[in-house]
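Asker: Below: one structure in structure tokens.
The values are calculated or read from the model by the stated rules, or taken from the named source; none is laboratory data. Since we're looking at a predicted model, the values are computed, not measured. Cβ atoms come from the backbone with ideal geometry, glycine included; neighbour counts cover every protein chain shown.
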Amino acid sequence: MTGRDPGGTASALPPRRSDATRAGILAAARERFAADGYERATIRAIAKDARIDPSMVMRYYGSKEGLFAAATTVDLRLSDFTRVPRSDVGRALVTHFLDIWEGNGVLTALLRVGITNQAGAERMQGVFKEQILPVAHEVCPDPAEAPTRAALCASQVLGLALTRYVLRFPATVALTREEITDWLAPTLQRYLTAERPEDSGLPEGS
């Protein structure tokens, strides 16, 4: 949004105070939900962290449920993978996820909550169903297998995030982005584009 100064020159208007307040509330909520979990996090504690009155939190978000939904809204911003060479999909996906995990704390906070809270788990499931599944549909050999392939990709991406950003395993934290990509990209590539593994033919229980 722009305005004009007395001389007629267009100038950017300062952000509204309400926008800054909302951003402060959401940042505090993500930190609190991540640290305390959904059940233990309170509106009062979040308001204190944001340095505002609890009534302001309720004014903007109505309830803790509404605040949680707003604080954990995630757009993975996945590009159109039909434009990515099929042989490069795994690498592109790993690179993109590293950008997301390291760009802000929303997905990490949601992962922390999802480990111990059903609402958080369902939220995370929804994010991956709505945003990873379409990628699998676009590139996998058989669209009927897309849910399985998307779930396998999620297991790798979430496993990395859990050990690198939440549990902070020293060996995982020490990996560079290039090393992570080199290790993980071939696995995601196989999950997404390889033919389905053949049945071993062994009897059940062998």
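Asker: When the residues of region 1-38 are filtered to those that are hydroxyl-bearing (Ser, Thr, Tyr) and over 18 Å from ARG51 (Cα atoms), which remaining residue is modelled with the highest pLDDT? Talk me through it step by step, then tell me what you get.
Answerer: Filtering region 1-38 for residues hydroxyl-bearing (Ser, Thr, Tyr) gives 2, 9, 11, 18, 21, 38.
If we keep only those that are over 18 Å from ARG51 (Cα atoms) as well, we get 2, 9, 11, 38.
On the way: THR2: 47, THR9: 47, SER11: 45, TYR38: 83.
My answer is TYR38.
Asker: Can you find even one residue in region 176-193 that is surrounded by 16 or more Cβ atoms within 10 Å (Cβ to Cβ), charged (D, E, K, R) and not assigned by TED's automatic domain parsing to the domain that holds ALA28?
Answerer: No - not one qualifying residue is present in region 176-193.
Asker: For region 69-174, give me every one of the helices (runs of 4 or more DSSP H) that falls completely inside it and has 1 or more residues that are in contact (Cβ under 8 Å) with a residue 40 or more places away in the chain.
Answerer: Working: elements: 89-103, 106-116, 118-131, 133-139, 146-161, 170-174.
Fully inside region 69-174 and qualifying: 89-103, 106-116, 118-131, 133-139, 146-161.
Asker: Can you find even one residue in region 139-162 that is surrounded by 15 or more Cβ atoms within 10 Å (Cβ to Cβ) and touching a Cys at 6+ places or on another chain (Cβ under 6 Å)?
Answerer: Scanning region 139-162 turns up at least one residue that is surrounded by 15 or more Cβ atoms within 10 Å (Cβ to Cβ) and touching a Cys at 6+ places or on another chain (Cβ under 6 Å).
To keep it simple, each residue is scored yes or no on (1) closer than 30 Å to THR193 by Cα; (2) of a type outside the set (D, E, K, R).
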| position | (1), (2) |
| --- | --- |
| LEU26 | no, yes |
| ASP36 | no, no |
| VAL57 | no, yes |
| VAL74 | yes, yes |
